[in-house]
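The values are calculated or read from the model by the stated rules, or taken from the named source; none is laboratory data. Small disclaimer: the values here were computed from a predicted structure and weren't measured. Using ideal geometry, Cβ is built from the backbone for each residue, glycine included, and neighbour counts are taken over all protein chains shown.
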Amino acid sequence: MSKLYKAVIGIVDRFVPSGMRPLWEHPAGPKTIFFWAPAGKWSLVIAGLGDVNRPVENLSIRQCASLAITGMIWSRYSLVIIPKNYSLFAVNVFVALTNLYQLGRAYKYNTEMEALKEAKKKGNMYGHVCRMSDERWAKLTTEWSPLNVIRRRGRSRRRWLDELDAGL
C-alpha cells in the first residue's frame, strides 16, 4: 500500500467512533476497494436512469447489451468472492436491470420500425402505377379508403397518396 494511503487511514482511524468501528474494520468496509468500487459504479445506474428519457433512436444497442451482460456477470461474481460483497451485487443488479430495460425499448422500437417499413412497402405505389398488373392496382385501390373524401373550401389541395401515407 502507498505511504499516502497509510497516512490518511492512520489519521482517520483516530476519529472513527467506537460504534462505527465494526463497519470501519470490515473486510468490505471503507478502507477497501470492495467499498469504493460499488460506490463509484452507482454512477452507471444513474446514467442508465437518465437515458430513460433519451429518444430510443439515439440508444446504443451494443453499449446497453455490454453493460447488461457485465452487470449480470459481476452480480454473480460478487456473491462468489470472499468476502461476499452485497453492495457490489446490488449495484450490478441495477446496472443489468436498467440496461435490460433500455434493450427492451430498443427492441420494441426496431420491431415497430420494421413493421412500418413493411406496411409502407405493401402500399408503395409512387411511380410504379404503369408497371403494375391490373389485379394489383385494383386490389390496392379497393382496400384503400380515404380519411376525408369531402374537400372543403379553403383547404390546401392534397393528393390522395398523402392520405395513404398518413394512414400508414
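For the reader, a short list of remarks on this structure follows.
- In the stretch 73-100, the residues that are crowded, with 16+ Cβ neighbours inside 10 Å and not hydrophobic (A, V, I, L, M, F, W, C): SER75, SER78, ASN85, SER87, ASN92, THR98, ASN99
- Scanning the stretch 47-72 for residues that are assigned to a helix (DSSP H, G or I), surrounded by 12 or more Cβ atoms within 10 Å (Cβ to Cβ) and without any contact (Cβ under 8 Å) to a residue 40 or more places away in the chain gives ALA47, GLN63, ALA65, SER66, LEU67, ALA68, ILE69, THR70, GLY71, MET72.
- Restricting attention to the stretch 29-45, the residues that are modelled with pLDDT of 90 or more, within 16 Å of the chain's Cα centre (by Cα) and surrounded by 12 or more Cβ atoms within 10 Å (Cβ to Cβ) add up to 1.
- On inspection, THR111 qualifies as more than 30 Å from LEU23 (Cα to Cα), loosely packed, with under 14 Cβ neighbours inside 10 Å, at pLDDT 90 or above and of a type outside the set (Gly, Ala, Ser).
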